[in-house]
1. For segment 172-183, check the following and say yes or no: at least one residue is crowded, with 24+ Cβ neighbours inside 10 Å and over 30 Å from GLU330 (Cβ atoms).
2. Among the acidic types (Asp, Glu) and either over 14 Å from PHE166 (Cα atoms) or over 15 Å from the mean Cα position of the chain (by Cα) (or both): does that describe ASP271?
3. Confirm whether ARG261 is more than 16 Å from the chain's Cα centre (by Cα), without any contact (Cβ under 8 Å) to a residue 60 or more places away in the chain and closer than 23 Å to LEU176 by Cβ.
4. Please state which one of VAL312, VAL327, VAL305, VAL246 is β-branched (Val, Ile, Thr) and modelled with pLDDT under 95.
5. Considering segment 236-263 alone, what residues qualify as being assigned to a loop (DSSP other than H, G, I, E, B) and either under 26 Å from ILE149 (Cα atoms) or outside the structural domain of HIS158 (by TED's automatic domain parsing) (or both)?
6. Looking only at segment 116-158, count every residue that is hydrophobic (A, V, I, L, M, F, W, C) and under 15 Å from PHE101 (Cβ atoms) and tell me the total.
7. Is there a residue being touching a Phe, Trp or Tyr at 6+ places or on another chain (Cβ under 6 Å) and of a type in the set (D, E, K, R) anywhere in segment 137-144?
8. Looking at (1) without any contact (Cβ under 8 Å) to a residue 40 or more places away in the chain; (2) assigned to a loop (DSSP other than H, G, I, E, B); (3) under 19 Å from CYS84 (Cβ atoms), which one does GLY279 not meet, given that it meets all the others?
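The values are calculated or read from the model by the stated rules, or taken from the named source; none is laboratory data. Worth saying up front: this structure is predicted, and the values here are computed from it rather than measured. We place every Cβ from the backbone using ideal geometry, glycine too, and count neighbours over all the protein chains shown.
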Amino acid sequence: MKRLILAVTIVGTVILLVYLDLVPQSVKELRPIGLQGNSGLINTIKIFDNENCVKKPTFNRTIYFIESKRPDNGILNLGPRQACAIESAAKNNPDFNVTLFALHVNDTAENNPYTKALRKYPNLKIVTTTLKDFAKGTIAEDWEKKGDIYKSKHSVVHFSDFMRLFVLWKYGGIYLDTDFIILKSLNALQPGWSVAETGYWVASAAMSFDSDGYGHYVAEILVREFMKTYNGSEYAYNGPGLLTRVAQRLCFTTETKKMKRGPCYDFEILDTKLFYPIGYNAKDPLFNPNNLTQTLDMVKDAYAVHCWNGLVGQVHLKKGTQAAIGVLAERHCPFTYESVQDVFR
């Protein structure tokens, strides 16, 4: 038995040494330098903070959303689909804190019915911050001061791309886009994942990293790579493009189906059907009542449904229509859906 243990130890050491020798130089250059800034408080103005919410995120037990649009009047005015994403996360994950970070905002619309709906959840809060304040005293401070991200041709997207990685590096937890409907608890998912969009492309709309250990290591690689290779002209280069490139290097493969724990150590790319059971052609499955039964069957094993707001954001659904997106909203974000007067958009 002792010989077996010794042999396993020797083989493991050899594999580790070979791995370290094979890791691409670009990854070696991005090794973490510690948890600098990881425990800093959020510099925010609290819009609302329910009584049972903590003052700062609970490490690894928070689901985050980012709102990066800059409203003309500085007032956050959530739409029903955005609110539905946030409510469905809070409703189906009562043991998680849910936090919406709103950039460029200093208040909420007082009469916004969807913000009022979100107030019903004791595990949910909305806070505001700026990239400048959030980066202060961290590995991103000097990069933010350079100001390249403020010159982006796709500023809403690129601010969100950076903030989601940075929040997960700083606190750990789960990030989700605001065009999901969350269908069940995410508690069973071990931290350290993103989700395949195709066989060779990793999406960045849903992901999770630990606040320490290997998950923090991967999150820091992503943050540093973002700052090092930032491209203000390309729409997807800094988001799914970045995640795909780093996952390929860490996992030594270009095929997302092979990006599993083991080959990728303590990180994995989840199967498409768990978060994207409906692909780009979402209009008919989500909005056509004739497809209701088929669509509900397609999503029954998923953790969430991505509604592809960039593609169907202008497609409106009359409240009460028995199409999949309306039925799912009524089930999983009932207070938001109840607040809709006429059109769920």
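1. Yes, that holds for at least one residue.
2. So ASP271 passes the test.
3. The answer is no for ARG261.
4. VAL312
5. Answer for segment 236-263, where residues must be assigned to a loop (DSSP other than H, G, I, E, B) and either under 26 Å from ILE149 (Cα atoms) or outside the structural domain of HIS158 (by TED's automatic domain parsing) (or both): ALA236, TYR237, ASN238, GLY239.
6. 9
7. Scanning segment 137-144 turns up no residue that is touching a Phe, Trp or Tyr at 6+ places or on another chain (Cβ under 6 Å) and of a type in the set (D, E, K, R).
8. (3)
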